[in-house]
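Okay, so here's the structure we're looking at.
The values are calculated or read from the model by the stated rules, or taken from the named source; none is laboratory data. From a predicted model like this one, the values you see are computed outputs, not experimental measurements. Using ideal geometry, Cβ is built from the backbone for each residue, glycine included, and neighbour counts are taken over all protein chains shown. Areas reflect the complete protein model, heavy atoms only, side chains present, ligands, DNA and RNA absent. Shrake-Rupley method; radii C 1.70, N 1.55, O 1.52, S 1.80 Å.
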There are 2 protein chains.
Amino acid sequence: MCELLGMSANVPTDISFSLTGLVQRGGKTGPHKDGWGIAFYEGSGLRVFHDPAPGVESKIAEFVRKLPIKSETVISHIRKANRGKVELKNTHPFVREFWGSYWTFAHNGQFKGIKEESLGDFKPVGTTDSEYAFCWLLGKLKKKFPDRPRNEAELFRAILKFVTELRTKGVSNLLFSDSKNLYAFCSTKLSWITRKSPFGKARLLDADLTVDFRKVTRPGDIVTVIATQPLTSNEEWNPFSPGEFQVWRKGRIVFSNA
Amino acid sequence: MCELLGMSANVPTDISFSLTGLVQRGGKTGPHKDGWGIAFYEGSGLRVFHDPAPGVESKIAEFVRKLPIKSETVISHIRKANRGKVELKNTHPFVREFWGSYWTFAHNGQFKGIKEESLGDFKPVGTTDSEYAFCWLLGKLKKKFPDRPRNEAELFRAILKFVTELRTKGVSNLLFSDSKNLYAFCSTKLSWITRKSPFGKARLLDADLTVDFRKVTRPGDIVTVIATQPLTSNEEWNPFSPGEFQVWRKGRIVFSNA
């Protein structure tokens, strides 16, 4: 299994604090030592860093935390391999261009029989069931909508239908994005928290680190963080229900089936 | 205009030396200060680093040179913007998955009228003529070969036909790769050098740096470097002829129209 981390914010925000917590679980406070990756959107541009090394030892993770990169939408993943060898091509998040946008996808769980499903225009490069499921999902969407539908609710309902179908094939906690929205689907375990004014302090569960958000934010900032398990010990995270699908944009929820 | 750098090697090789020379031209010894990027293949896996900052000042460039990453196939690009704003999404090399492989593409030059050409399945995310041309090229290949042809010469001849067509639209010095091969097309300016046993010393043109390849190689190593302009002052680089197309694999040339 793996752990997921996502962020949606209304201003470019650095995710160093949450990432510091997450990567501890990549070999130190958690067993997810089979690589890690992170995708940062800057507008419709994308930066992705992948490392098959454990997150806690990764020079790339250290560099990314120190830079730090500010982004409105972030997806990160630390991996405990079950399907597919530990190598670069099997490291989440996966990326594809679709409808003229970069889509990224990270998965916590395991599918059974997904590779017997036929694919459309998108093909996996690696050998994970996760990347295969991503290609399957995009292929389904492309077949249904050769161009991006103008009605976003129509798009969200179609995605919900397909991810609900994925869930019948196994544990499928998902975070993905098309640069505009952050999509989150919970099959078994996922939590979210929105931080906004009045901001307070937060203390990491996995490292001895506290941040005072009053000092690093402005009053209008809205930042939502989604993670497999809460990352802080003194804040109240909201658990997803199994089967719940949420769409976030600029820190605010824009669609939910709950 | 921009400058290109490519490498094809038969063993994972670090490109720090050449990259050190190239990034000087990104704002110091050359005017290519509108961003830079680099793609490293590890087997069929891919790492890409992009930075809209000038190469010579880029923290990411410094980090990448220090790591260093070893790879058999590398493509790098420093940008002097002519079409498309200076931003992340317009930074080469561009990436697409095609036939189950990651393709990367970097371009030196400028096209006229390319955006009037219709595209197939691949769409640009940014606004450069270069990314548009990449999408056009992949769309043409996908239309001709829905699956990768088993006969590689057939593939190479098709690529040659399409890049020769691109050349009618403007200056199109190209480096691209499908993880297996490094493709190089010269419209106006490109040079290559193959380093192999007996190795010697090389001195950069753009920085006060000399490397003794005898100390960092093994006798069987074969490393080919391709660049817009020679990067070293004491070695003999081979200029491409205008219209020349070369395909390199593991440091050796496997196809050429020369």
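Observations on the model:
- Summed over region B:196-224, the residues that are surrounded by fewer than 21 Cβ atoms within 10 Å (Cβ to Cβ) and either at positive phi or touching a Phe, Trp or Tyr at 6+ places or on another chain (Cβ under 6 Å) (or both) give a count of 5.
- Single condition residue A:148 does not satisfy, out of (1) open to solvent by 10 Å² or more (accessible area, probe 1.4 Å); (2) within 14 Å of chain B (Cβ to nearest Cβ); (3) not in a loop (DSSP other than H, G, I, E, B): (3)
- Close pairs (7 angstrom Cβ cut-off, 6 or more residues apart or separate chains): without any contact (Cβ under 8 Å) to a residue 60 or more places away in the chain in region B:97-111, charged (D, E, K, R) anywhere: B:97/A:96; B:97/A:123; B:100/A:123
- Of residues in region B:51-74 being among the aliphatic types (A, V, I, L, M) and within 18 Å of residue B:13 (Cα to Cα), the one nearest to the other protein chains (Cβ to nearest Cβ): B:67
- Subset of region A:75-90 that is among the hydrophobic types (A, V, I, L, M, F, W, C) and touching a Gly at 6+ places or on another chain (Cβ under 7 Å) - its residue that is nearest to the other protein chains (Cβ to nearest Cβ): A:88
- Within this structure, residue B:164 fails the test of being open to solvent by 70 Å² or more (accessible area, probe 1.4 Å) and β-branched (Val, Ile, Thr).
- Here residue A:169 does not fit the description of being open to solvent by 60 Å² or more (accessible area, probe 1.4 Å), of a type in the set (Lys, Arg) and in contact with a helix residue (DSSP H, G or I) (Cβ under 9 Å, 6 or more places away or on another chain).
Each row is one residue, and each column tells you yes or no for (1) among the charged types (D, E, K, R); (2) closer than 19 Å to residue B:40 by Cβ; (3) in a strand (DSSP E or B).
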{"residue": "B:171", "(1), (2), (3)": "no, no, yes"}
{"residue": "B:176", "(1), (2), (3)": "no, yes, yes"}
{"residue": "B:187", "(1), (2), (3)": "no, no, no"}
{"residue": "B:199", "(1), (2), (3)": "no, no, no"}
{"residue": "B:206", "(1), (2), (3)": "yes, no, no"}
{"residue": "B:219", "(1), (2), (3)": "no, no, no"}
{"residue": "B:224", "(1), (2), (3)": "no, yes, yes"}
{"residue": "B:234", "(1), (2), (3)": "no, no, no"}
{"residue": "B:258", "(1), (2), (3)": "no, no, no"}
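- Scanning region B:91-145 for residues that are part of a loop (DSSP other than H, G, I, E, B), at the interface with chain A (Cβ under 9 Å from one of its Cβ atoms) and either surrounded by fewer than 22 Cβ atoms within 10 Å (Cβ to Cβ) or in contact with a helix residue (DSSP H, G or I) (Cβ under 7 Å, 6 or more places away or on another chain) (or both) yields a total of 8.
- Flag for residue A:6 being touching a Leu at 6+ places or on another chain (Cβ under 7 Å), touching a residue at least 40 places away in the same chain (Cβ under 8 Å) and more than 10 Å from every other protein chain (Cβ to nearest Cβ): yes
- Any strands (runs of 3 or more DSSP E) falling wholly within region B:1-78 and containing at least 2 residues that are open to solvent by 10 Å² or more (accessible area, probe 1.4 Å) and modelled with pLDDT of 90 or more: B:2-14, B:45-51
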